[in-house]
Amino acid sequence: MQKTRILASLIEKKEKGQKSLSVLIDPDKIQNSSALQRLLEVCKKYSIDYIFIGGSILVKDTLEATVSYVKENSEIPTVLFPGSNMHINKSADAILFLSLISGRNPDLLIGQHVSAAPVLKNSNLEVLSTGYILVGNDANTTVAHVSQTSPIPTRKPEIAVCTAMAGELLGMKLIYLDAGSGAKEEVPQKMIDQVHKAIKIPLIVGGGINTIAKAATAYQSGADMIVLGTAVEKNINFIPQVAKIRDLMN
Ligand code: 1GP
């Protein structure tokens with residue numbers, strides 16, 4: 001029996017109009033355990049809702065050590081954000097089972113999932129079926145290159161809307177609009193707003209959120225959860241600033 005705790009809480013929060021905040025830890029970018037410890041302390045202090053762990057490619061073989069450390073030192077639910085079916089770790093609480101529905105690379109629409117399925121079925125991971133939509137005007141980002149797909153251009157919100165609707169109709173439980181890690185241009189307000197209005201399932205937004213104004217705009221436009229990665233790596237004090245925006249909205 002697969003767990004459903006995180007999905008249930010996201011649906012409940014959405015029904016109440018409550019926002020969530022997730023911090024993405026890229027295991028490749030962790031300097032040492034004291035930096036990770038400090039990050040976890042700040043996440044706890046400001047009641048970060050979820051810790052995402054992963055990245056498009058992981059060069060160092062530190063996923064398992066990172067997940068274990070976070071689990072041992074924090075009670076915040078851990079959600080794997082995998083770049084491939086190599087990035088599964090059974091110690092985490094959940095995994096975003098991402099189907100890259102903005103692209104037409106069959107391996108990332110269904111291929112990797114086939115090989116991951118028996119491993120996931122035999123784990124205690126909560127499997128969160130997620131329609132993953134890459135957004136941006138640059139076909140040369142790491143994620144675009146690794147995934148061999150082109151993102152949906154920022155000026156084409158209608159394509160994102162139809163893609164998200166298709167994901168929902170296919171039975172996916174979450175939609176993730178992502179401009180990619182460290183994106184210069186975040187997912188535009190108009191696109192978040194239109195996608196939010198077109199679907200009933202929770203909407204995650206991430207990529208390039210590096211100012212309070214961008215975080216507030218994403219929430220106000222309809223993001224149920226926002227994900228912070230690069231900006232937190234650069235400045236840990238960004239966490240309390242965005243947590244305050246979340247709390248003001250809740
Ligand atoms: C990337 O959405 C995440 O997939 C987070 O992006 O690193 O730009 O915050 P940033």
Note, ³J(HN,Hα) from phi for the range 136-152, Karplus 6.51, -1.76, 1.60, rounded to Hz, x at Gly and Pro: x, 10, 10, 7, 10, 6, 4, 5, 5, 5, 5, 7, 6, 9, 9, x, 7
About the Cα centre, charge dipole magnitude for the range 5-249 (Lys/Arg +1, Asp/Glu -1 at Cβ), debye: 420 debye
Computed P(r) (all Cα pairs; the range 44-85; 5 Å bins; percent): 5, 21, 31, 22, 14, 6, 1
For the range 122-220, with +1 on Lys and Arg beta carbons and -1 on Asp and Glu, the positive-most of ALA215, ASN124, PRO151 along the dipole: ALA215
222 nm mean residue ellipticity, helices alone, for the chain (DSSP H n ≥ 4; -39,500 (n - 2.57); rounded to 500): -12000 deg cm²/dmol
Net length gained if the chain between ASN250 and ARG155 were fully extended (0.36 nm per residue, minus Cα distance): 31.2 nm
Selection from MET249, LEU39, VAL23, by position along the positive dipole direction of the chain (Cβ): MET249
Relative packing of 227-235, 11-19, which averages over residues the other C-beta atoms within 10 Å, highest first: 227-235, 11-19
Relative contact order [Cα under 8 Å, 6+ residues apart], the range 5-249, whole percent: 19 percent
Under 5 Å, built H, 5+ apart or other chain: amide partners of ALA179: VAL135, VAL187, GLY206, GLY207
Stretchable slack from SER9 to ASN32, in nm (0.36 nm times residue separation minus alpha-carbon distance): 5.1 nm
Cβ crowding within 10 Å averaged over residues, with 193-201, 78-86, 27-35 ranked highest first: 78-86, 193-201, 27-35
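Could you give the size of the charge dipole of the range 1-68 about its Cα centre, using +1 on the Cβ of each K and R and -1 on the Cβ of each D and E, expressed in debye and rounded to the nearest 20?
I would put it at about 320 debye.
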Subset of LYS13/LYS200; LYS14/LYS156; LYS19/LYS234 violating a 20 Å alpha-carbon distance limit: LYS14/LYS156; LYS19/LYS234
Within the accessible area of the range 5-249 (1.4 Å probe), percent carbon and sulfur: 53 percent
Within straight-line cross-link reach of LYS121, lysines at Cα separation under 19 Å, skipping those fewer than 8 residues along the same chain: LYS3, LYS90, LYS173
Per residue, in Å², the accessible surface of the chain once ligands and nucleic acids are set aside, probe 1.4 Å: 48 Å²
All Cα pairs of the chain, percent lying beyond 23 Å: 45 percent
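The values are calculated or read from the model by the stated rules, or taken from the named source; none is laboratory data. Please read these numbers as outputs of a predicted model, since none were measured by experiment. Neighbour counts are summed over all protein chains in view; Cβ atoms, including those assigned to glycine, are modelled from backbone coordinates with ideal geometry. For accessibility, only protein heavy atoms count, side chains too; no ligands or nucleic acids. Shrake-Rupley method; radii C 1.70, N 1.55, O 1.52, S 1.80 Å.
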